[in-house]
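Below you'll find the structure, written out as structure tokens, and then a few comments.
Coordinate-derived values only; no laboratory data. Because the structure is predicted, anything quoted here is derived from the model rather than measured. Using ideal geometry, Cβ is built from the backbone for each residue, glycine included, and neighbour counts are taken over all protein chains shown.
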Amino acid sequence: MNYVVHRFESVASTNELALRMAREGAPEGTVVVGREQTAGRGRYGREWFSPSGLGLYLTLLLRPDMPLDNVWQFGFVASLAAAEAVSDVSRLPARVKWPNDVLLNGKKLCGILVEAQQSAVGSQLCVVIGIGVNVLPSDFPPEFVERASSIAFEAKRPVSIEETENALLARLDSRCEELRSRGSDAILESWRRLDSTRGQDVTVRTPDGIIEGTAVDVDSDGSLMLKLADGSVVCVRAGDAVLGRTPDGSEA
Ligand code: BTN
């Protein structure tokens, strides 16, 4: 892929800016990087903590030839590539957590937000893959302190945002190419090898409520297969998984 990287000292959200650039005709391979984000977007309308010079805040614009229904595949492409990049830089085995988180030593240090737009039915699809990586230690907001970390803190050695970006763009390039040439089953096969969710008791917050169960696998459509207390297996299409169970279903 031919990357053209646009760098900004400060940006509201690299995803928001990339979507705007896409509407103005920016080509596939456009990359937006912010040294800080003042309104970094997380999943489900949450904010992504994006202090200046401490993390990598990057969005890649793609124009894939696929139906809108397949856009979920990029969450797996991106989390797989990001986990590989984090392992490259930290020299530690990073893992993935359904659907799209990257963990090091069990702590989240990378989140993915994939957004898509299509101007009219049948018109060309545009996908932006937003990736936030905590590279250097920072004072996380209290609600994240227990579960978040950074590459440098976990690796216990100096790590730069630049090397993280280089590793990430290289890994994204090869996994995007693999999706094109071999399809999502090949991506999911590699993703499962890094999966920290399988076999674990998890609490999943879905748009329809909280479900608890044991993670069995990830299905070929990216759903989390959960075994419930009564032995039945349900497929959860969208949500956030927290490892472990909570007595009241609140955030673990
Ligand atoms: C999550 O909730 O885990 C997803 C977080 C995604 C954050 C990244 S940072 C770069 C890109 N720009 C944004 O506004 N969000 C994504």
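State whether segment 46-166 is rounded, prolate or oblate according to the following rule on the C-alpha gyration tensor (a ≥ b ≥ c being the square roots of its eigenvalues): a/c under 1.5 gives rounded; otherwise a/b larger than b/c gives prolate, and the remaining case gives oblate.
Taking the square roots of the gyration eigenvalues as a ≥ b ≥ c, segment 46-166 is prolate.
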Could you work out the relative contact order of the chain? I mean the mean sequence separation of Cα pairs under 8 Å and 6+ apart, divided by the number of residues, in percent. 16
Ranked by GNM mean-square fluctuation in the chain (Cα springs under 10 Å), the top entry among 108, 227, 97 is 227
With a 10 Å cut-off between alpha carbons and a GNM built on the chain, which of 39, 18, 81 moves the most? 39
Given a cut-off of under 8 Å on Cα pairs at least six residues apart, what relative contact order in percent is computed for segment 135-194? 24
Across 240, 221, 230, the residue with the highest GNM fluctuation in the chain (Cα network, 10 Å cutoff) is 230
Give the shape of segment 23-96 as rounded, prolate or oblate, defined through the alpha-carbon gyration tensor: a ≥ b ≥ c are the square roots of its eigenvalues, a/c under 1.5 means rounded, and otherwise the shape is prolate if a/b is larger than b/c and oblate if not. oblate
Residues in segment 164-203 that a label on residue 220 would reach, taking backbone N under 14 Å of a point 7 Å out along Cα→Cβ: 183-189
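Which value in deg cm²/dmol, rounded to the nearest 500, describes the helix-derived mean residue ellipticity at 222 nm for the chain, given -39,500 (n - 2.57) per DSSP H run of n ≥ 4 and division by the residue count? Display every interim value, and only then the final one.
Values: 5 runs with 65 residues, N = 252.
-8000 deg cm²/dmol, from helical runs alone.
Counting only complete DSSP H runs, which helices of the chain cover 20 Å or more along their long axis at the Cα atoms and score a mean Kyte-Doolittle of 0.0 or above? Please list the in-between numbers first.
Working: long enough: 73-90 (26 Å, 0.98); 161-182 (31 Å, -0.86).
Long hydrophobic helices here: 73-90.
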Across bins of 10 angstrom width beginning at 0, how are the C-alpha pair distances of the chain distributed, in whole percent? 7, 32, 37, 20, 3, 0
Under a straight-distance cross-link criterion of Cα-Cα below 17 Å, which lysines are reachable from residue 156, leaving out those fewer than 8 residues away in the same chain? 107, 108
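Relative contact order for segment 13-76 using alpha-carbon pairs under 8 Å, separation at least 6, rounded to a whole percent?
Values: 79 pairs, mean separation 23.9, N = 64.
Once normalised by length, the contact order is 37 percent.
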With the label point 7 Å along the Cα-to-beta-carbon line of residue 185 and a cut-off under 15 Å to each amide N, the hits in segment 213-230 are 219-222
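Report the gain in length on full extension from residue 9 to residue 212: 0.36 nm times residue separation, minus Cα-Cα distance, nm rounded to one decimal. Working shown, then result.
Numbers: separation 203, 0.36 × 203 = 73.08 nm, distance 4.21 nm.
Difference between extended and current length: 68.9 nm.
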